Amino acid sequence: MTPEEFRRHGHDLVDWIASYLSQDDRYPVLSRSRPGEIRAQLPVAPPQSGAPFDAIFADFERILLPGITHWNHPGFFAYFAISGSAPGVLAELLIGALNVQAMLWRTSPAATELEEVALGWLRQLLGLPAAFEGVIYDTASVASLHALAAAREAAVPDVRRAGLAGRDLPPCRVYASEQAHSSIDKAVMTLGLGQRALRHIEVDGRFRMRPAALQDAIADDRANGRTPLAVVATVGTTSTTSVDPVPEIADVCASEGVWLHVDAAYAGAAALVPETAGVMDGCGRADSLVTNPHKWLYTPFDLSAFYCRRMDMVRAAFALTPDYLSTPEAGQVRNLMDTGVQLGRRFRALKLWAVLRYFGASGLQKRLAEHMRLARLFAGWVDASEQFERLAPVPLGVVCFRARPAHLADAPETPAVDERLDLLNEQVLETVNASGEVFLSHTRIAGRFALRLAVGHIRTTERHVARAWELLQEAAALPKPRTARRGGRGAGQRGPR
Ligand SMILES: *Cc1c(COP(=O)(O)O)cnc(C)c1O
């Protein structure tokens with residue numbers, strides 16, 4: 001592509017992106033594509049000859065965009081709403097242009113050193129002590145895997161060389177609450193500990209790990225010859241954003257000599273807001289912590305920040321330098337390939353740095369506080385409604401609730417009533433999502449199907465939250481078919497007999 005061509009396509013593309021990021025009614029937020037529909041429009045065989053970029057872009061608009069669910073849409077309230085903010089998108093453009101591969105310090109000194117600086121800034125914003133060294137991974141799942149690999153390195157003799165299999169070792173245990181993220185299960189599976197090694201600790205009425213139950217579980221395991229390897233505390237659980245009592249958990253870990261990892265993937269950002277800074281209480285005593293700027297800090301996916309007091313253990317687990325990667329400056333610099341499985345790594349620090357500089361701490365704080373205000377506002381509407389009820393506290397930006405029509409308001413809490421409410425709420429969710437104006441997701445709380453509204457996108461305003469509430473009320477008021485199929489396509493449509 002000639003520089004002139006690149007300039008023309010680049011300008012067109014930036015114009016398109018600027019419109020895309022400012023028009024919230026142009027596309028349905030949840031894709032209406034049916035399975036296989038996108039694939040069927042694309043050739044099976046690779047192209048023999050090249051095509052001009054105009055043709056590629058035309059296909060993107062015509063074929064691919066209908067198959068996009070718009071995470072960068074202000075009506076996105078599903079899972080955890082995220083933001084590819086404009087400064088972050090521009091930084092991604094530079095990252096792509098430079099195509100830096102930051103495995104070694106010398107393969108781009110700026111990438112390694114900017115990562116240290118940007119993570120140092122974020123560490124201070126989180127209120128973590130300077131003893132924490134940071135490294136960027138793609139996702140929290142990968143960060144937690146590295147944390148538990150480091151804990152395994154610290155607890156199991158010679159594991160790096162000899163592995164776990166075929167050795168006469170006591171079984172290891174990892175502890176996390178019943179509400180912990182599935183990435184912790186995947187980490188113990190990947191590390192060869194087996195999913196059985198993960199012991200789920202019960203939670204209290206507000207979905208927080210019970211430290212006394214943790215203490216009992218560790219004592220029980222010790223009495224049965226098992227080795228406690230690590231405890232994972234969650235700051236902002238995925239279902240309800242509950243916050244485990246980290247200070248008490250840290251006490252248990254300190255007295256037991258067990259690695260404490262904190263999964264603050266979502267809620268770490270709340271540390272920037274004075275009213276919710278308490279979410280990080282006790283986290284400075286952890287051995288490791290992960291938080292995701294790609295979740296609630298307006299940084300384009302993907303960028304996960306991992307902090308560790310004992311990065312030497314991460315390096316002990318992963319550092320390995322073949323001759324062709326050795327460098328004369330090795331003793332004086334950090335080589336980021338030493339702190340993980342991955343050799344090659346993107347220049348992700350550039351987008352975090354751009355986002356932190358563009359908004360500044362006060363800009364970030366203002367937006368986070370507004371998202372929490374909107375969540376509380378919505379929770380207030382739910383609480384005041386006769387048609388809906390709330391199913392969990394709202395400590396941050398997520399509201400869990402369900403429709404409960406007036407004729408069931410005083411119905412006894414029987415499984416039959418719960419099942420009717422589950423069906424009703426599944427239909428409400430389908431109806432609201434079919435509108436194309438908003439997208440919500442669900443969870444299960446104490447066995448009940450719960451609707452879940454997560455406020456976190458940078459362009460979401462009170463207008464969008466109010467519209468979601470309107471659509472929910474309309475959907476809950478629609479007459480429901482008597483024999484609705486589970487997961488059916490919405491109210492008014494008959495299910496199979
Ligand atoms: C989102 C989330 C994760 C997973 O994050 P990825 O970056 O997608 O791996 C893990 N734990 C918690 C608590 C989360 O909210």
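Report the net charge of residues surrounding ALA147, where surrounding means a beta-carbon distance below 12 angstrom and charges are Lys +1, Arg +1, Asp -1, Glu -1. Cβ neighbours under 12 Å give a net charge of 0. Placing +1 on each Lys and Arg Cβ and -1 on each Asp and Glu Cβ, with no other charges, gives segment 1-71 a dipole about its Cα centre of roughly 300 debye. The spacing between segment 366-391 and segment 91-166, judged by their C-alpha centroids, is 36 Å. The packing ranking of peptides 84-93, 360-369, highest mean first, is 84-93, 360-369, where packing means the average number of other beta carbon atoms within 10 angstrom of each residue. Considering only LEU352, SER288, VAL333, and ranking their Cα positions along the charge dipole of segment 281-359 that arises from unit charges at the beta-carbon of Lys, Arg, Asp and Glu, the one farthest toward the positive end is LEU352. Rounded to the nearest 0.05, what FRET efficiency do LEU408 and ASP281 give with R0 = 41 Å and r taken as the Cβ-Cβ distance? Could you check? Once the sixth-power term is evaluated, E becomes 0.55.
Once the Cβ-Cβ distance of HIS9 and ARG32 is raised to the sixth power relative to R0 = 25 Å, the FRET efficiency obtained is 0.30.
What is the chain by shape, rounded, prolate or oblate, if you read a ≥ b ≥ c off the alpha carbon gyration tensor as root eigenvalues and call it rounded for a/c under 1.5, prolate for a/b larger than b/c, and oblate otherwise? It is oblate, given that a/c is not under 1.5 and a/b is not larger than b/c. Distances between every pair of Cα atoms in segment 94-356, grouped in 10 Å steps from 0 to the bin holding the largest one, split as 7, 31, 35, 20, 6, 0 percent.
Could you please state how large a percent of the accessible area of the chain is carbon and sulfur, counting protein chains only and using a 1.4 Å probe? Carbon plus sulfur share of accessible area: 54 percent.
With both residues required to sit in segment 94-356, DSSP beta bridges show an antiparallel share near 40%. Relative contact order for the chain: 20 percent, from Cα pairs under 8 Å spaced at least 6 residues apart, divided by residue count. The dipole here belongs to segment 94-356: it is taken about the Cα centre, uses +1 on the Cβ of Lys and Arg and -1 on the Cβ of Asp and Glu, and is about 460 debye.
Take every pair of alpha-carbon atoms less than 8 Å apart whose residues are at least six positions apart; their mean separation over the length of segment 94-356 yields a relative contact order of 28 percent.
Residues whose amide H falls under 5 Å from that of MET103, counting only those 5 or more places apart or on a different chain, are ARG345, with hydrogens built in the peptide plane. Accessible surface area normalised per residue over the chain is 47 Å², counting heavy atoms of protein chains with a 1.4 Å rolling probe. For the pair ARG62 and SER49, label points projected 7 Å from Cα toward Cβ lie 1.9 nm apart. The label point for LEU320 and the one for LYS366, both projected 7 Å from the Cα toward the Cβ, are 4.9 nm apart. Here r is the Cβ-Cβ distance between GLN332 and TRP121 and R0 is 22 Å; the resulting FRET efficiency, rounded to 0.05, is 0.45.
The values are calculated or read from the model by the stated rules, or taken from the named source; none is laboratory data. As the structure is a computational prediction, the values presented were derived from the model and not from experiment. Note that we place each Cβ from the backbone using ideal geometry, even for glycine, and neighbour counts take in every protein chain shown. What goes into the accessible areas is simple: the full protein's heavy atoms, side chains included, and nothing from ligands, DNA or RNA. Shrake-Rupley method; radii C 1.70, N 1.55, O 1.52, S 1.80 Å.
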